[in-house]
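Chemist: Supplied in structure tokens, the structure appears directly below.
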Amino acid sequence: MALFGSSKRTAFKPTPYGSTRKKRRVPRWLILMLTGVVLGSGGLLFIQKSYGPTLLTVEQADQLRQDLNSTNLDKQRLLTQVDRQTHELDELRSALEKQTVRADSAEKNYKQLSESLQVLADAVPADPRGTSPGIRAADFTLVNGQLAYKLLVMQNSAEAPAFQGKMDFAVEGRYPNGHSTTVDIPVSTVEIGHYTALTGAAELPRAFTPVQVTIRIRDQADKLAATRTIRVTR
């Protein structure tokens, strides 16, 4: 019996195989983390492949680039065309504005001229026969074997409907051998408003010299509506 009591201790006994230290294991949290990373990466690849945009091959990417360049060229060409057409439209608009100004000026001048002609026409003596239409004035000249004429024919009222008919000449004259005769010459159809100027030239027989002309205007029923005899100016 010892002084302070007895105690039993296990004696250390070395093993014949060396160290008795326990082997370290990989932490469970690390395994879980690595597993999560692998699963997350796989899921991301799966989602990208299944639902994400399709990855292009080199050929497809090159074709896409060419198509994009072609589209840009087409866009630039269209913009150039739009600019040119816009410029042409501006020029047309400017020309139209100028034409409109000229038209307005011409209409104004025409109105003034019509009013002046009306005053002159009213001042011309009436047809002695007093018909409507009436032959207010006439002039005949011999030009290169043709009978050139200028007539002013008027109706009495400005509100009267246009007269539709035809006109012919009875031309009295002679030939170089002294033979005198009257030649009937159909001239043309006529449409006469309030006042109408009739001008032109009628063919005469060869070597025939006119002396005086009887103007005859007939309606559509071939009824004589106006007539007047005028001497030919030498």
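The values are calculated or read from the model by the stated rules, or taken from the named source; none is laboratory data. Not measured: the values here are computed from a predicted model. Cβ atoms come from the backbone with ideal geometry, glycine included; neighbour counts cover every protein chain shown. Only protein heavy atoms, including side chains, enter the accessible area calculation; ligands, DNA and RNA are left aside. Shrake-Rupley method; radii C 1.70, N 1.55, O 1.52, S 1.80 Å.
To keep it simple, each residue is scored yes or no on (1) polar (S, T, N, Q); (2) farther than 28 Å from Ser114 by Cα.
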position	(1), (2)
Thr131	yes, no
Arg136	no, no
Ile192	no, no
Thr196	yes, no
Pro205	no, yes
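Chemist: Next up: Condition first: among the small types (Gly, Ala, Ser), free of Cβ contacts under 8 Å to residues at least 60 places away in the same chain and touching a Gly at 6+ places or on another chain (Cβ under 6 Å). Can you find one or more residues in the stretch 148-155 that meet it?
Modeler: To start, the set of residues in the stretch 148-155 that are among the small types (Gly, Ala, Ser) comprises 148.
When the remaining residues are screened for being free of Cβ contacts under 8 Å to residues at least 60 places away in the same chain, the result is 148.
From the residues that got through so far, the ones that are touching a Gly at 6+ places or on another chain (Cβ under 6 Å) too are none.
Within the stretch 148-155, none of the residues are among the small types (Gly, Ala, Ser), free of Cβ contacts under 8 Å to residues at least 60 places away in the same chain and touching a Gly at 6+ places or on another chain (Cβ under 6 Å).
Chemist: Exactly one condition in (1) within 18 Å of Leu224 (Cα to Cα); (2) touching a residue at least 40 places away in the same chain (Cβ under 8 Å) is not met by Gln118; state its number.
Modeler: (1)
Chemist: Another question about this same structure. Can you spot a residue in the stretch 108-117 that is outside any strand (DSSP E or B), surrounded by 10 or more Cβ atoms within 10 Å (Cβ to Cβ) and in contact with a Lys or Arg (Cβ under 8 Å, 6 or more places away or on another chain)?
Modeler: There is no residue in the stretch 108-117 that is outside any strand (DSSP E or B), surrounded by 10 or more Cβ atoms within 10 Å (Cβ to Cβ) and in contact with a Lys or Arg (Cβ under 8 Å, 6 or more places away or on another chain).
Chemist: Name the residue that is modelled with the highest pLDDT, counting only residues in the stretch 30-82 that are hydroxyl-bearing (Ser, Thr, Tyr) and part of a loop (DSSP other than H, G, I, E, B).
Modeler: We begin by selecting, within the stretch 30-82, every residue hydroxyl-bearing (Ser, Thr, Tyr); these are 35, 41, 50-51, 54, 57, 70-71, 80.
Cutting the leftovers down to part of a loop (DSSP other than H, G, I, E, B) gives us 54, 57.
Numbers: Thr54: 64, Thr57: 79.
Per the stated criteria, the residue is Thr57.
Chemist: Mind checking whether some residue in the stretch 207-221 is without any contact (Cβ under 8 Å) to a residue 40 or more places away in the chain, out of contact with any Asp or Glu (no Cβ under 8 Å at 6 or more places or on another chain) and within 18 Å of Gln164 (Cβ to Cβ)?
Modeler: yes
Chemist: Met154 is checked against (1) modelled with pLDDT under 90; (2) more than 15 Å from Thr214 (Cα to Cα) and fails just one. What number does that condition carry?
Modeler: Here Met154 meets the rest and fails (1).
Chemist: Do we have any residue at all in the stretch 188-195 that's in contact (Cβ under 8 Å) with a residue 24 or more places away in the chain, within 17 Å of Thr233 (Cα to Cα) and crowded, with 16+ Cβ neighbours inside 10 Å?
Modeler: Step one: list which residues in the stretch 188-195 are in contact (Cβ under 8 Å) with a residue 24 or more places away in the chain, which gives 189-195.
Subsequent filtering for residues that are within 17 Å of Thr233 (Cα to Cα) retains none.
No: the stretch 188-195 contains no residue that is in contact (Cβ under 8 Å) with a residue 24 or more places away in the chain, within 17 Å of Thr233 (Cα to Cα) and crowded, with 16+ Cβ neighbours inside 10 Å.
Chemist: Right, next: Among the residues of the stretch 197-216, how many are within 17 Å of His179 (Cβ to Cβ) and open to solvent by less than 50 Å² (accessible area, probe 1.4 Å)? Give the steps one after another, and end with the answer.
Modeler: Initially, the stretch 197-216 is screened for residues within 17 Å of His179 (Cβ to Cβ), giving 204-212.
Applying the additional criterion that residues be open to solvent by less than 50 Å² (accessible area, probe 1.4 Å) yields 204-205, 208-212.
Number satisfying all stated conditions: 7.
Chemist: Restricting attention to the stretch 217-234, and to residues there that are small (Gly, Ala, Ser) and part of a strand (DSSP E or B), which single residue is least open to solvent (accessible area, probe 1.4 Å)? So that I can check it myself, show each step before the final result.
Modeler: First, pick out the residues of the stretch 217-234 that are small (Gly, Ala, Ser): 221, 225-226.
Then keep just the ones that are part of a strand (DSSP E or B); that gives 225-226.
Working: Ala225: 25, Ala226: 2 Å².
Across the stretch 217-234, the extreme among qualifying residues is Ala226.
Chemist: Could you tell me which of the residues Pro128, Pro176, Pro161 is out of contact with any strand residue (DSSP E or B) (no Cβ under 7 Å at 6 or more places or on another chain), in contact (Cβ under 8 Å) with a residue 60 or more places away in the chain and open to solvent by 60 Å² or more (accessible area, probe 1.4 Å)? I'd like the intermediate steps shown before the answer.
Modeler: Values: Pro176 fails: in contact (Cβ under 8 Å) with a residue 60 or more places away in the chain; Pro161 fails: in contact (Cβ under 8 Å) with a residue 60 or more places away in the chain.
Exactly one of Pro128, Pro176, Pro161 is out of contact with any strand residue (DSSP E or B) (no Cβ under 7 Å at 6 or more places or on another chain), in contact (Cβ under 8 Å) with a residue 60 or more places away in the chain and open to solvent by 60 Å² or more (accessible area, probe 1.4 Å), namely Pro128.
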